[in-house]
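Have a look at the structure below, then the notes.
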Amino acid sequence: LKENYRTVNVDARTLTDCAKAFCDAVQAKGYAPMVYFNPSQSRNDMYLAELTQYDFWLAMYSENMNYAYKVDMWQYTNKGKIPGIQGHADINLYFPYE
């Protein structure tokens, strides 16, 4: 639920600026950052057009990928079963675009 988000009272400008600063810091250390969001956040809580230099990681729990924009990773469930892990696990698909 959105009211449980740590960023519930953070405006889109601040959240976008923080995401950019974080990604820049990660990239400066030699790692490849990703911007993680769900469809609601992408519509209402961030300016994704300002973050396109980073890969996008979408959390959308669905059987079909029907998000309108290119994403690099899709977290399609949080109820996955993985041998050796007790309880549920997030499961993702990575789309390595060239």
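For the stretch 33-42, what does the Karplus curve 6.51 cos²θ - 1.76 cosθ + 1.60, with θ = phi - 60°, yield as ³J(HN,Hα) per residue in whole Hz, taken in order and with x for Gly and Pro?
x, 9, 9, 9, 7, 10, x, 4, 4, 5
Show that you can apply the helix-only estimate: for the chain, add -39,500 (n - 2.57) for every DSSP H stretch of four or more residues, divide by all residues, and state [θ] at 222 nm to the nearest 500.
-7000 deg cm²/dmol
For the stretch 1-57, report the accessible area per residue in Å² (1.4 Å probe, heavy atoms, rounded to an integer).
Value for the stretch 1-57: 68 Å² per residue.
Please count, across the chain, the pairs of lysine residues with Cα atoms under 27 Å apart that sit 8 or more places apart or on different chains.
The result is 9.
For the chain, modelled as a GNM with alpha-carbon contacts under 10 angstrom, which of ALA28, ALA59, ALA12 fluctuates the most?
ALA28
What percent antiparallel are the DSSP beta bridges of the chain, to the nearest 5?
Counting DSSP beta bridges with both partners in the chain, the antiparallel share is about 40 percent.
Taking only C-alpha pairs under 8 Å that are 6+ residues apart, what is the relative contact order of the chain in percent? Please list the in-between numbers first.
On the way: 126 pairs, mean separation 18.0, N = 98.
Across the chain, relative contact order equals 18 percent.
Would you mind checking the tilt of helix 12-28 against the longest principal axis of the Cα atoms of the chain, expressed as 0 to 90 degrees and rounded to 10?
Value to nearest ten degrees: 80.
The values are calculated or read from the model by the stated rules, or taken from the named source; none is laboratory data. As the structure is a prediction and not an experimental result, all values here were calculated from the model. Note: areas computed on protein heavy atoms with side chains; ligands, DNA, RNA excluded. Shrake-Rupley method; radii C 1.70, N 1.55, O 1.52, S 1.80 Å.
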